[in-house]
Amino acid sequence: SRARSEQSLRDLIRKGVPEGGMPAFPLPEAELQALTAFLMSLRAPAAQHPAAGDAAAGERYFFGAGGCSECHMRGGRGGIVGPGLSNLANERTLSQIERALRNPDALRTPGYRPVSVRLRDGTQLSGVAKNESNYDLQLQTRVGVLHLLTRDQIASETRETKSAMPPFSGTAVERRDLMAFLTRPDAGRPVAPP
């Protein structure tokens, strides 16, 4: 449980690990509590420690100028080519989300590897490999069309090494607000009629 692991962390800080080279830190109670809370926040889901900022402005950026919703879905709205982000705040830590915005390759999700193929009939397709085997490839295009291809239909395949998602390029305020939106699980959910 969270309380037990928090107490274990407090004990670890207070007593150290002499055989592992970590000294004991006999901190005053207030400092020990603050340090423990900080360390727990580093490994907790982002929803437990949402980022500061204007989540409503972050939502407008996500669905507007940021273009995030062209590929990603949040709260039932947006694209399907990139991973859905409705439960992101419960699945990832704050630092993982921040790192993924700076370097999208840092947080890869299975089923979203970019790929381009040329079919034997000359057709060119690009999108993400949703599923594949030695016999077939399920390729989903940017507009959401799913192509079920057998390996004998494919003349050549190019596996992209980089994520299709560009690194975040907005302002510091847009980044702060986007983080506020992404780290709040309820932000962006449609409001139920009364």
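What FRET efficiency comes out for Val17 versus Arg77 if R0 is 30 angstrom and r is the Cβ-Cβ distance? Round to the nearest 0.05. Please list the in-between numbers first.
Numbers: r = 48 Å, r/R0 = 1.60.
Plugging the Cβ-Cβ distance into 1/(1 + (r/R0)^6) gives 0.05.
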| query | Tilt of helix 172-182 relative to the longest C-alpha principal axis of the chain, in degrees (0 to 90, nearest 10)? | reply | 90
| field | For the stretch 8-86, size of Cβ-based charge dipole, Lys and Arg +1, Asp and Glu -1, in debye | value | 160
| remark: Computed on Cα atoms, the radius of gyration and Dmax of the chain in angstrom are 21.8, 73
| said: Output wanted: per-residue J couplings in Hz (rounded whole) for the stretch 65-77, from phi through Karplus 6.51 cos²θ - 1.76 cosθ + 1.60, θ = phi - 60°, x for Gly and Pro. | reply: 4, x, x, 4, 6, 5, 10, 9, 9, 9, x, x, 10
| task | Using a/c under 1.5 as the rounded threshold, could you call the stretch 1-62 rounded, prolate or oblate? The axes a ≥ b ≥ c are square roots of the C-alpha gyration tensor eigenvalues, and prolate needs a/b larger than b/c, oblate otherwise. | result | prolate
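Gain in length, Ser116 to Thr141, computed as 0.36 nm per residue apart minus the alpha-carbon separation, to one decimal in nm?
Length gained between Ser116 and Thr141: 8.0 nm.
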| query | Taking the Cα atoms only, what angle lies between the long axis of helix 29-43 and the longest principal axis of the chain, rounded to 10 degrees? | reply | 10
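So what's the back-of-envelope 222 nm ellipticity for the chain, counting only DSSP H runs of four-plus at -39500 (n - 2.57) apiece and dividing by all residues, rounded to 500? Walk me through the numbers on the way to the answer.
Numbers: 6 runs with 62 residues, N = 194.
Mean residue ellipticity, 222 nm, calculated: -9500 deg cm²/dmol.
Taking the Cα centre of the stretch 87-194 as origin, sum charge times position over the Cβ atoms of Lys and Arg (+1) and Asp and Glu (-1), and report the length of that vector in debye to the nearest 20.
Values: 16 positive and 12 negative charges, 43 e Å.
The dipole magnitude comes to about 200 debye.
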| message | Please check: in the Gaussian network model of the chain (C-alpha springs, under 10 Å), which one of Pro104, Pro166, Pro23 has the largest mean-square fluctuation. | response | Pro23
| For Val115, distant residues with modelled amide H under 5 Å away | Gly127, Val128, Ala129, Glu160
| query | What distance in nm separates the simple spin-label points at Ser126 and Asn87, each placed 7 Å from Cα in the Cβ direction? | reply | 3.2
| query | For the pair Ala37 and Ala57, what calculated FRET efficiency results from E = 1/(1 + (r/R0)^6), where r is the Cβ-Cβ distance and R0 = 25 Å, to the nearest 0.05? | reply | 0.35
| remark: Scalar couplings 3J(HN,Hα) for the stretch 12-18 by Karplus 6.51 cos²θ - 1.76 cosθ + 1.60 (θ = phi - 60°), nearest whole Hz, x for Gly and Pro, are 4, 5, 5, 9, x, 9, x
| If Phe168, Phe38 are ordered by their accessible area, calculated over protein heavy atoms with a 1.4 Å probe, which sequence runs from highest to lowest? | Phe38, Phe168
| query | Once you charge only the Cβ atoms, +1 for Lys and Arg and -1 for Asp and Glu, what is the size of the charge dipole of the chain about its Cα centre, to the nearest 20 debye? | reply | 80
| Interchain or long-range residues, amide H under 5 Å from Ser86's placed H | Gly75
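Rolling a 1.4 angstrom probe over the protein heavy atoms, how many square angstrom per residue are accessible across the stretch 112-194? Let's see the in-between values first.
Working: 5230 Å² over 83 residues.
Averaged over the residues of the stretch 112-194, the accessible area is 63 Å².
The values are calculated or read from the model by the stated rules, or taken from the named source; none is laboratory data. These numbers come from a predicted model, not from an experiment. Reconstructed Cβ throughout: ideal geometry from the backbone, glycine too, with neighbour counts over all protein chains shown. In case anyone asks, the SASA skips ligands and DNA or RNA and just uses the protein heavy atoms, side chains included. Shrake-Rupley method; radii C 1.70, N 1.55, O 1.52, S 1.80 Å.
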